[in-house]
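> The structure that follows is given in the form of structure tokens.
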Amino acid sequence: MKVVIISGSPRKNANTQILMKYVFEYTKTKNQETKLINLSNNEIEYYRGPDIDYDETTKTAANDIMEADVWLIGSPIYNSFFSSALKNLFEYVNYKKTPGKVAGITILGAGNISFVNVQTLITQLMSYFRVITNPKAVFLTTESISENSIIDENAKNRLKEMVDETLELASKVQQN
């Protein structure tokens, strides 16, 4: 099974990437075919239409997403929305190549508001791609992170549970 982890924050020192790097390392212990797309690296070009020749990093990221069976997506909350960098990344994805994939979601906010709004928006985006979404998203606040690491053991356990449940869901989908 191929898995892609997407860290959806464009910020260089993003807390979202701390969470998603943890998810990446944990997922690799469960599944060797796991890749990380970290939007904090600012390597994905701005989408300008289908007839443009994009750089290799951008094409590779889009192909990794379309070839993966499982998407584990992390996004910060920016003004009650997921990041525009994440939306930009999905502009490259061909919806005809994504039905039946499975996604898990992690959402990070500075406070305890807007989680459900962002979950709904990401779930709607996944529906467009005909991707089955694990209904049990992980909502975390920046209080669970300090000095570039996750300090809340409960947060770590919830992230692991999301990975395990999403991988299990994907294996059931693949069996059918």
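The values are calculated or read from the model by the stated rules, or taken from the named source; none is laboratory data. Fair warning: this is a prediction, and the values are worked out from it, not measured in the lab. Heads up, the Cβs are rebuilt from the backbone with ideal geometry, glycines too, and the neighbour counts pull from every protein chain shown. Heavy atoms of the whole protein, side chains included, go into the accessibility calculation; ligands, DNA and RNA do not. Shrake-Rupley method; radii C 1.70, N 1.55, O 1.52, S 1.80 Å.
> What's the center-to-center distance, using Cα atoms, between region 1-59 and region 84-161 in Å?
13 Å
> Pop out the carbon and sulfur fraction of the accessible area of the chain as a percent, whole number, probe 1.4 Å. Write out the running numbers ahead of the final one.
Numbers: 4210 of 8960 Å².
That share works out to 47 percent.
> Ok, one more. Specify whether the C-alpha gyration tensor of region 1-103 places it in the rounded, prolate or oblate class, a ≥ b ≥ c being the square roots of the eigenvalues: rounded for a/c under 1.5, otherwise prolate if a/b is larger than b/c and oblate if not.
Here region 1-103 falls in the oblate category.
> Continuing with this model, one more query. State in Å² the accessible area per residue of region 96-176; use a 1.4 Å probe, count heavy atoms of protein chains only, and round to the nearest integer.
Counting only protein heavy atoms, the per-residue value for region 96-176 is 54 Å².
> Also, I was wondering about something else. Given a Förster radius of 22 Å and the C-beta distance between Ser149 and Glu33 as r, what FRET efficiency does 1/(1 + (r/R0)^6) yield to the nearest 0.05?
0.25
> Straight-line reach from Lys172: which lysines fall under 22 Å, measuring Cα to Cα and dropping same-chain residues less than 8 apart?
Lys2, Lys28, Lys30, Lys35, Lys96, Lys97, Lys101, Lys136, Lys160
> Moving on. Loop only by DSSP, 15 or fewer other Cβ within 10 Å of the Cβ. Give me the trypsin sites (Lys or Arg not before Pro) in region 83-161 that pass, ordered by residue number.
Counting only loop positions with at most 15 other Cβ atoms within 10 Å, the trypsin sites (Lys or Arg not before Pro) in region 83-161 are Arg130, Lys136.
> For the chain, what does the helix formula give at 222 nm: sum of -39500 (n - 2.57) over DSSP H segments with n ≥ 4, over the residue count, nearest 500 deg cm²/dmol?
-13500 deg cm²/dmol
> Loop sites only, by DSSP: take the GluC sites (Glu not before Pro) in the chain that have at most 14 other C-beta atoms within 10 Å and name the longest stretch containing none of them.
By the stated rule (loop sites, at most 14 other Cβ atoms within 10 Å), 92-146.
> Next question, about the same structure. How high is the FRET efficiency between Lys12 and Asn94 when r is their beta carbon distance and R₀ equals 45 Å, given to the nearest 0.05?
Given R0 = 45 Å and the Cβ-Cβ separation, E is 0.90.
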